[in-house]
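Undergrad: I am attaching a structure below and will ask some questions about it afterwards.
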Amino acid sequence: MNILRRTLLLTASVAVLAVNASAQALQATTLKVGDPAPALLIKKWIKGVPVTTLGKGTVNVVEFWATWCGPCRDSIPHLTELAHKYKGKATFTGVSVFEEPKAKDESYMTRVNDFVKEMGAKMDYNVGADGLSGTMGKTWMDAAGQDGIPTAFVVDQKGFIAWIGHPMNGLDQVVGEVVANRFDVKVEAAKKAKADAQAAKLLEDTRPLQDALEAQKYDVAAVEAGKLMDKYPEHADDLAAAKFQFLLRSDERAAYVYARELAAGRLKDKPTLLNDIAWSIVDDTATIKHRDYATAVVVAAKAAKANKMLDPFTMDTYAYALFKSGDAKDAADIQGNAVKLATKPGSKVPAKTLAEMKDRLAKMLAKANS
């Protein structure tokens, strides 16, 4: 996901629960690769030519998105590129789902329509929206055990599901192979079944961690996260960051020692995870009894330098850690550079975050010059 830290960052505990929720959804899967594609029961077509049938010699890509989904907005231009590339060979359809789960009417359709108009040529393929009953969400996404968007389904020439996945992860290659009749659906089905089985095993193995989190026993959660790191080395980095969060809620002193260990070892080349750790310590809204700003500086510095001091987010955290530790002058220098980077053309720093960064810079300068 391309999610900005200060706007949509999930805590490590919530992220772990989300992994379990995904695995639970897979257990109830009734729509799999190799199955006939469900009907396209679009409530309202917003743009393009309505698609009423699937298969019959045509390859179809059905992608699910929502107006509130940042990663969906990022993937839309890519879908347009593919729609142009495979024009006449594959039909692309975007379906808005999950707009307002508790909506009592379909007034959200206006927002969907406005969004599509705003995207203009960037969203150059067929676009429809799910109705209040959520038929498309249920028969496609829920049935396939998919609870995250954007998600794309590739339907082959015979109307069977050939592939399910994130539109930014291999969709181009899959569509090309399906169009050329080189894609082996049976092989993909076996691959997907294996991945689903692994997810189910992950659910079983993470049950003690999930139980600890639900009971808010963060000391137990930290221990369980450590066990999982040994069992699932491919997830060890994320689990290590999660373990820090659990320790921060149960044993602050141990958390700070662990943060330094991670910065010097396992996560030394993982600036995003280190940045999140450092920000957890300096975040003024966090409920921490004793903040170790010195540790925050060490971790934040490692993150910023791993990004060659060219990333405004990690520099912002580094600067704020220095400021909170009492070094206003160096903090102001680094924050000034962070703001410059954040205001460059093409910067992905949201306006609200930039305003916060500028506000912090003003406080740093005032303190440094006092």
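The values are calculated or read from the model by the stated rules, or taken from the named source; none is laboratory data. If you're wondering where the values come from, they're calculated on a predicted model, not measured in any experiment. Note that we place each Cβ from the backbone using ideal geometry, even for glycine, and neighbour counts take in every protein chain shown.
Undergrad: Enumerate the pairs (first residue in region 156-176 and farther than 19 Å from Met141 by Cβ; second residue anywhere and of a type in the set (S, T, N, Q)) with beta-carbon separation below 8 Å, excluding pairs fewer than 6 apart on the same chain, so at least 6 apart or on different chains.
TA: Once the first residue is farther than 19 Å from Met141 by Cβ and sits in region 156-176, its partners that are of a type in the set (S, T, N, Q) give Gln157/Thr58; Gln157/Asn181.
Undergrad: Kindly provide the set of residues from region 103-120 that are outside any loop (DSSP other than H, G, I, E, B) and either over 17 Å from Leu41 (Cβ atoms) or not assigned by TED's automatic domain parsing to the domain that holds Ala162 (or both), ordered by number.
TA: Narrowing region 103-120 to residues outside any loop (DSSP other than H, G, I, E, B): 108-120.
If the condition is that a residue be outside any loop (DSSP other than H, G, I, E, B) and either over 17 Å from Leu41 (Cβ atoms) or not assigned by TED's automatic domain parsing to the domain that holds Ala162 (or both), then Tyr108, Thr110, Arg111, Asn113, Asp114, Phe115, Val116, Lys117, Glu118, Met119, Gly120 are the ones that fit.
Undergrad: Now for a different question. Please verify whether region 121-137 includes one or more residues that are more than 25 Å from Pro101 (Cα to Cα) and either polar (S, T, N, Q) or assigned to a loop (DSSP other than H, G, I, E, B) (or both). Break it down into steps so the answer makes sense when it comes.
TA: Of the residues in region 121-137, the ones more than 25 Å from Pro101 (Cα to Cα) are 121-122, 124-125.
Those left that are additionally either polar (S, T, N, Q) or assigned to a loop (DSSP other than H, G, I, E, B) (or both): 124-125.
Looking for residues that are more than 25 Å from Pro101 (Cα to Cα) and either polar (S, T, N, Q) or assigned to a loop (DSSP other than H, G, I, E, B) (or both), one finds at least one in region 121-137, hence yes.
Yes/no matrix, rows are residues, columns are (1) exposed (fewer than 14 other Cβ atoms within 10 Å of the Cβ); (2) within 23 Å of Val95 (Cβ to Cβ):
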{"position": "Ala162", "(1), (2)": "no, yes"}
{"position": "Val187", "(1), (2)": "yes, no"}
{"position": "Lys194", "(1), (2)": "yes, no"}
{"position": "Leu203", "(1), (2)": "no, no"}
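Undergrad: If a residue counts only when it is over 23 Å from Lys243 (Cβ atoms) and touching a Gly at 6+ places or on another chain (Cβ under 9 Å), which helices (runs of 4 or more DSSP H) contained entirely in region 253-370 have at least 1 such residues? So that I can check it myself, show each step before the final result.
TA: On the way: elements: 271-282, 293-306, 312-325, 328-342, 351-368.
In region 253-370, 312-325, 351-368 are the helices (runs of 4 or more DSSP H) which contain 1 or more residues that are over 23 Å from Lys243 (Cβ atoms) and touching a Gly at 6+ places or on another chain (Cβ under 9 Å).
Undergrad: With modelled with pLDDT of 90 or more, touching an Asp or Glu at 6+ places or on another chain (Cβ under 7 Å), in the same structural domain as Asp156 (by TED's automatic domain parsing) and assigned to a helix (DSSP H, G or I) as the only criterion, which of Val178, Val174 stands out? Lay out the reasoning, then the answer.
TA: Details: Val174 fails: touching an Asp or Glu at 6+ places or on another chain (Cβ under 7 Å).
Being modelled with pLDDT of 90 or more, touching an Asp or Glu at 6+ places or on another chain (Cβ under 7 Å), in the same structural domain as Asp156 (by TED's automatic domain parsing) and assigned to a helix (DSSP H, G or I) holds for just one of Val178, Val174, which is Val178.
Undergrad: Continuing with the same structure: With the requirement that a residue be assigned to a helix (DSSP H, G or I), among the aliphatic types (A, V, I, L, M) and out of contact with any Ser or Thr (no Cβ under 8 Å at 6 or more places or on another chain), what does region 200-236 give you?
TA: Listed by number, the residues that qualify are Ala200, Leu202, Leu203, Leu209, Ala212, Val220, Val223, Ala225, Met229, Ala236.
Undergrad: To continue, here is another question. Starting from residues that are among the acidic types (Asp, Glu) and free of Cβ contacts under 8 Å to residues at least 12 places away in the same chain, keep the ones in region 177-213 and report whichever is nearest to Asp230 (Cα to Cα).
TA: Filtering region 177-213 down to residues among the acidic types (Asp, Glu) leaves 177, 184, 188, 196, 204-205, 211.
The next check asks that each one be free of Cβ contacts under 8 Å to residues at least 12 places away in the same chain; those that pass are 177, 184, 204, 211.
Working: Glu177: 38, Asp184: 35, Glu204: 16, Asp211: 19 Å.
Selected residue: Glu204.
Undergrad: Which residues, counting only those in region 89-102, are in a loop (DSSP other than H, G, I, E, B) and free of Cβ contacts under 8 Å to residues at least 40 places away in the same chain?
TA: At the first step, the residues of region 89-102 found to be in a loop (DSSP other than H, G, I, E, B) are 89, 97-102.
Those that are in a loop (DSSP other than H, G, I, E, B) and free of Cβ contacts under 8 Å to residues at least 40 places away in the same chain: Glu99, Glu100, Pro101, Lys102.
Undergrad: Looking at region 63-73, can you tell me whether even one residue there is assigned by TED's automatic domain parsing to the domain that holds Thr135 and within 19 Å of Gly176 (Cβ to Cβ)?
TA: Kept after step one, since they are assigned by TED's automatic domain parsing to the domain that holds Thr135, are these residues of region 63-73: 63-73.
Of the ones still in play, those that are also within 19 Å of Gly176 (Cβ to Cβ) are 63.
So far as region 63-73 goes, yes, one or more of its residues are assigned by TED's automatic domain parsing to the domain that holds Thr135 and within 19 Å of Gly176 (Cβ to Cβ).
Undergrad: Another question about this same structure. Scan region 63-88 residue by residue and report those that are among the charged types (D, E, K, R) and outside any helix (DSSP H, G or I).
TA: Step one: of region 63-88, the residues among the charged types (D, E, K, R) are 63, 73-74, 81, 85, 87.
Answer for region 63-88, where residues must be among the charged types (D, E, K, R) and outside any helix (DSSP H, G or I): Glu63, Lys87.
Undergrad: Residues in region 93-102: is at least one more than 21 Å from the chain's Cα centre (by Cα), farther than 12 Å from Pro150 by Cα and either among the polar types (S, T, N, Q) or assigned by TED's automatic domain parsing to the domain that holds His166 (or both)?
TA: Kept after step one, since they are more than 21 Å from the chain's Cα centre (by Cα), are these residues of region 93-102: 93, 102.
Restricting the remaining residues to those that are farther than 12 Å from Pro150 by Cα gives 93, 102.
Retained after the next criterion (residues that are either among the polar types (S, T, N, Q) or assigned by TED's automatic domain parsing to the domain that holds His166 (or both)): 93, 102.
Yes, that holds for at least one residue.
Undergrad: Also: For region 278-302, give me each residue that is hydrophobic (A, V, I, L, M, F, W, C) and either at positive phi or in contact (Cβ under 8 Å) with a residue 40 or more places away in the chain (or both).
TA: Of everything in region 278-302, those that are hydrophobic (A, V, I, L, M, F, W, C) and either at positive phi or in contact (Cβ under 8 Å) with a residue 40 or more places away in the chain (or both) turn out to be Ala278, Trp279, Ile281, Val282, Ile288, Val299.
Undergrad: Something else now. For region 129-149, enumerate the residues that are in contact with a strand residue (DSSP E or B) (Cβ under 8 Å, 6 or more places away or on another chain), over 13 Å from Leu31 (Cβ atoms) and either surrounded by fewer than 23 Cβ atoms within 10 Å (Cβ to Cβ) or of a type in the set (A, V, I, L, M, F, W, C) (or both). Steps first, answer last, please.
TA: Kept after step one, since they are in contact with a strand residue (DSSP E or B) (Cβ under 8 Å, 6 or more places away or on another chain), are these residues of region 129-149: 129-131, 136-137, 140-141, 144, 146, 149.
Of the ones still in play, those that are also over 13 Å from Leu31 (Cβ atoms) are 129-131, 149.
Matches in region 129-149: Ala129, Gly131, Ile149.
Undergrad: Another question, if that's okay. Would you check if Asp156 is of a type in the set (D, E, K, R), surrounded by 20 or more Cβ atoms within 10 Å (Cβ to Cβ) and modelled with pLDDT of 90 or more?
TA: Details: of a type in the set (D, E, K, R): yes; surrounded by 20 or more Cβ atoms within 10 Å (Cβ to Cβ): yes; modelled with pLDDT of 90 or more: yes.
Answer is yes for this residue.
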